[in-house]
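Working notes, beginning with the structure itself.
The values are calculated or read from the model by the stated rules, or taken from the named source; none is laboratory data. Here the structure is a predicted model, which is why all the values come from computation and not from measurement. All Cβ positions, glycine included, derive from the backbone under ideal geometry; neighbour counts span all protein chains shown. Note: areas computed on protein heavy atoms with side chains; ligands, DNA, RNA excluded. Shrake-Rupley method; radii C 1.70, N 1.55, O 1.52, S 1.80 Å.
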Amino acid sequence: WGVKRMKLYVIRHGQTDWNVAGKCQGRTDIELNSTGIEQAKKAKTQLKDYKIDLIICSPLKRARKTAEIINETIDCKIISDERIIERNCGNIEGTTKEEWPSIVNEDIDIINNYNLNWNKLKVESIQNVCNRVWNLLDEIQEKYKDKNILLVTHGGTCRAINAYFNGISEEGIVVSAKIKNCEIREYQYKNGKIGENK
C-alpha cells in the first residue's frame with residue numbers, strides 16, 4: 001500500500017487554421033489559432049489537479065504552444081522529443097481528405113496498414129511512426145515508473161499510442177484514436193509485449 005502508480009496522459013494540440021480547413025498538416029509547422037489557444041487554456045484548467053510531474057511534447061509549434069499554456073498551472077519541466085512529432089505526410093501535406101484518394105491512387109486506409117507498410121509519395125511509413133512512438137513509450141515506462149507524465153502530441157502519433165496500448169487488428173490497420181483538439185486521454189501500463197494490452 002502507499003505505492004504510487006504511474007499514469008500516462010496524452011493530449012492532442014489545440015486547433016490550427018489547417019484543422020479548420022481540413023488540411024493534412026504533417027510536419028508543416030502551423031501555429032495554433034485563437035480557438036486553439038482557448039482550448040489549451042481550458043485543458044490547463046482541467047489538468048491542474050492531475051499532479052503532472054513531467055510534460056513531453058512534440059517540437060512542432062502547435063504542440064509546443066499547447067504544452068506551454070498547460071504548464072502555466074502545472075509548472076513542471078517540458079522536454080521536447082522528436083519521437084512524438086507528427087507523421088511526415090510527404091506529398092499529402094497541405095491537401096484535404098477529399099483530395100487524398102486521387103493523390104494516393106489507392107484505398108486511403110492503406111497508409112495506416114502496419115502489415116503492408118506503405119511508403120510512397122514521401123509519406124512516413126506507419127511502421128516507422130509506430131516504432132519511434134513505441135520506443136518513447138517503452139522508455140517512459142522504464143525511466144518514470146512512479147511519475148505522472150503528460151504527452152502533448154498529434155493525431156497521427158495518437159494513432160500509434162493507441163495501438164501500443166490496445167493492439168492492432170489482424171488486418172494490420174492502425175486505427176485512429178479519434179482524439180479531438182486538446183482532448184485528454186489516460187493510458188495504463190500493464191505487463192506485456194507491444195501489440196498486446198500493456
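Within this structure, residue 119 fails the test of being surrounded by fewer than 15 Cβ atoms within 10 Å (Cβ to Cβ) and under 15 Å from the mean Cα position of the chain (by Cα).
Residue by residue through the range 155-179, note down the ones that are of a type outside the set (Lys, Arg) and assigned to a helix (DSSP H, G or I). Across the range 155-179, the qualifying residues are 155, 156, 157, 158, 160, 161, 162, 163, 164, 165, 166.
This table checks each residue for (1) closer than 15 Å to residue 10 by Cβ; (2) open to solvent by 70 Å² or more (accessible area, probe 1.4 Å); (3) at pLDDT 95 or above.
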{"position": "68", "(1), (2), (3)": "no, yes, yes"}
{"position": "73", "(1), (2), (3)": "no, no, yes"}
{"position": "85", "(1), (2), (3)": "yes, no, yes"}
{"position": "93", "(1), (2), (3)": "no, no, yes"}
{"position": "114", "(1), (2), (3)": "no, no, yes"}
{"position": "127", "(1), (2), (3)": "no, no, yes"}
{"position": "132", "(1), (2), (3)": "no, no, yes"}
{"position": "136", "(1), (2), (3)": "yes, no, yes"}
{"position": "165", "(1), (2), (3)": "yes, no, yes"}
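For the range 42-65, the criterion of being surrounded by 16 or more Cβ atoms within 10 Å (Cβ to Cβ), under 28 Å from residue 122 (Cβ atoms) and among the polar types (S, T, N, Q) is met by at least one residue. For the range 19-41, a residue qualifies if it is open to solvent by 40 Å² or more (accessible area, probe 1.4 Å) and in contact with a Cys (Cβ under 8 Å, 6 or more places away or on another chain), and the qualifying residues are 27, 39. Whether a residue is open to solvent by less than 80 Å² (accessible area, probe 1.4 Å), in contact (Cβ under 8 Å) with a residue 60 or more places away in the chain, touching a Leu at 6+ places or on another chain (Cβ under 8 Å) and farther than 30 Å from residue 16 by Cβ was assessed, and residue 189 passes this test. In this structure, does residue 120 turn out to be over 25 Å from residue 36 (Cα atoms) and touching a helix residue (DSSP H, G or I) at 6+ places or on another chain (Cβ under 9 Å)? So residue 120 passes the test.
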